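Here's the structure, in structure tokens; my notes come after.
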Amino acid sequence: MQHTWADRFASRASGLVSSEVRSLFSVASDPAYVNLAGGSPDVGALALEEIAELTRHVVATRGAEALQYGTGQGAPELREQIPVVMAEEGISASPDEIIVTTGSQQALDLVCKVFIDPGDVIIAEAPSYVGALATFRAYEADVVHVDQDADGIVPDLLAATLASLQATRRTPKLLYVIPNFQNPSGSTLAGARRREIVRIADRFGVMIVEDNPYGLISFDTDPLPALKELNPDGVVYLGSFSKIFSAGLRMGWAAAPPPVLEKLICASESSVLSPSMYSQLTVSSYLAGNNLTRQVKAFREIYRDKRDAMMLALADYLPEVRVNRPAGGFFTWLTLPDGIDSKGMLAEAMAAHVVYTPGTGFYADGRGHSNIRLSYSSPTPENIRAGIERLAGVVRHE
Ligand code: PMP
């Protein structure tokens, strides 16, 4: 008997749908295209020979641990080092409040597993990270967006949204914020707003999930106070090694208040038993060699040049389009002239051999048709310019 099994799926499986963004990745490796869609780090900036030697050393000297199971919370030595990485941004944390995860994506999944029942409300910036929205959907959360401007999520709108939800007896479980060089908008939450956001969340009893994979990839600005720093008991902080070292090792972490941490550890044990010991010891010995500071500095310079190349090309070729200028990270966000649909335009862009991400994927409420996320992280500055020139041709034709 032919069976699709769909009638046997759990109800939450209806929320598990393939990402628009990921389907664009299929052209990522075809050199005929300029890929402004993905958000992959520029691995060409990594010292591969050094890393090859380091991984050889890890297996040669600590193979019995590296190739074995570890504990659910993560290797103690890496948990000792993560607070040092966080301190680079002025964030204090102790090894005891940290769980190592398989990228911060797994941390997002664990947070939902611990906090979210079907129908629970999660507040997210509009627009927000597509991978987080997918996870929220998978846990059948109801995402309520709060608009942001060039200075991040707007505190008055947040307070009004929370008040109106409270009036209908719906207290959101989580407030999901990407305060630095946000994916997808590129904007950064202003310093004064951080205090307000933390105060408002505290007043309404909403846990903040502070997702900060890009904080160290800053081009011209000093770090602003982390939300976790402003209210350690009210924040689950998510960090990642993906953008500052390697995305392929799949290493991230969460720092959480004790009762939350305990649940996150149990939730992680039920999904992966322990994070990869091989990856953990590789990252740990990389950090022990003091390589990170040098690498972060190199990444900052590379991505700053690429940001500049993209901003210049946008000013030259698409002066009529509103552009957000990011002070760090991988992304910028465009608002197209009225009447142009970013999703509808994609086929033509593909025909012109340039790929971008339509804004629609970054909203849970159907908005984003006049927006585009562009990433400058992986193409060369020359390709970025060529890509924007092609994109301008497509926009003009529309
Ligand atoms: N959060 C944000 C905002 C991201 O942009 C990404 C990666 N694109 C992630 C989380 C997940 O990163 P990773 O799992 O590689 O740590």
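Points worth noting:
- At q = 0.06, 0.09, 0.10, 0.11 Å⁻¹ the log10 of I(q)/I(0) for the chain amounts to -0.24, -0.54, -0.67, -0.82, computed by Debye summation with a single uniform scatterer per C-alpha, solvent ignored.
- About the Cα centre, charge dipole magnitude for the stretch 282-363 (Lys/Arg +1, Asp/Glu -1 at Cβ), debye: 520
- Positive-pole candidate from SER187, TYR356, VAL43, dipole of the chain, charges at beta carbon: TYR356
- Nonlocal Lys pairs with alpha-carbon distance under 18 Å, the chain (8 or more apart, or different chains): 7
- Other-chain or far-sequence residues with amide H under 5 Å of HIS145's (modelled H): ALA124
- For the stretch 173-295: accessible area per residue (Å², 1.4 Å): 34
- Around the amide H of VAL121, modelled in the peptide plane, lie the amide H atoms of ASP142, LYS173, all under 5 Å away and 5 or more residues distant in sequence or on another chain.
- Think of the stretch 327-398 as a dipole: +1 on every Lys or Arg Cβ, -1 on every Asp or Glu Cβ, centred on the Cα centre; then among TYR376, PRO337, HIS397, TYR376 lies furthest on the positive end.
- Each semi-axis of the equivalent ellipsoid for the stretch 185-315 is √(5λ) with λ an eigenvalue of the Cα gyration tensor; in descending order they amount to 27, 25, 12 Å.
- Theoretical ellipticity at 222 nm over the chain - DSSP helices of four or more residues, -39500 (n - 2.57) apiece, nearest 500: -13000 deg cm²/dmol
- Calculated FRET efficiency for the pair VAL84/ARG322, C-beta based, R₀ 35 Å, to 0.05: 0.30
- Per-residue SASA entry for SER270, accessible area with 1.4 Å probe, Å² rounded to 10: 80
- Antiparallel beta bridges, as assigned by DSSP with both residues in the stretch 52-155, represent about 25 percent of the total such bridges.
- For the chain, the antiparallel share of DSSP beta bridges with both residues in that region comes to about 50%.
- In the stretch 1-70, a dipole from Cβ-located charges (positive for Lys and Arg, negative for Asp and Glu) runs towards its positive end, and of SER29, ALA52, SER19 it is SER19 whose Cα lies farthest in that direction.
- The chymotrypsin sites (Phe, Trp or Tyr not before Pro) of the stretch 1-107 that meet both conditions, a loop assignment by DSSP and at most 13 other Cβ atoms within 10 Å of the site Cβ, are TRP5, PHE9, TYR69.
- Table column - 3J(HN,Hα) (Hz), the stretch 315-321, Karplus curve with 6.51, -1.76, 1.60, x for Gly and Pro: 5, 6, 9, 10, x, 7, 9
- In the full protein context, the stretch 56-123 carries 44 Å² of accessible surface per residue, based on a 1.4 Å probe and ignoring ligands, DNA and RNA.
- Dipole in debye (nearest 20) - the chain, about Cα centre, beta carbon charges: Lys, Arg +1; Asp, Glu -1: 320
- Potential extension, THR168-LEU67 segment - 0.36 nm per residue separation minus Cα distance: 31.2 nm
- The accessible area of GLU77, taken with all protein chains in place and a 1.4 Å probe, comes to roughly 60 Å².
- Antiparallel %, DSSP beta bridges [both residues in the stretch 168-314], to 5: 35
- About the centre of its Cα atoms, the stretch 225-333 shows a dipole size close to 220 debye [charges on the beta carbon of Lys, Arg (+1) and Asp, Glu (-1) only; nearest 20 debye].
- Computed Kirkwood radius, in angstrom, where 1/r is averaged over Cα pairs of the stretch 139-240: 14.0
- The chain, accessible surface, carbon-and-sulfur percent (1.4 angstrom probe): 53
- The figure for PHE181 is an accessible area of roughly 10 square angstrom, using a 1.4 Å probe on the protein chains alone.
- Mean separation of Cα pairs under 8 Å and 6 or more residues apart, divided by the residue count, gives the chain a relative contact order of 24 percent.
- Put simply, the C-alpha atoms of the stretch 251-300 give a gyration tensor, and the ellipsoid matching it has half-axes of 27, 14, 9 Å, longest first.
The values are calculated or read from the model by the stated rules, or taken from the named source; none is laboratory data. Predicted, not measured: the structure shown is a model, and the values here were computed from it. For neighbour counting, all protein chains shown are included, and Cβ atoms are generated from backbone atoms with ideal geometry for every residue, glycine included. Ligands, DNA and RNA are stripped out before the accessible areas are found, and what is left, the full protein with its side chains, is counted by its heavy atoms. Shrake-Rupley method; radii C 1.70, N 1.55, O 1.52, S 1.80 Å.
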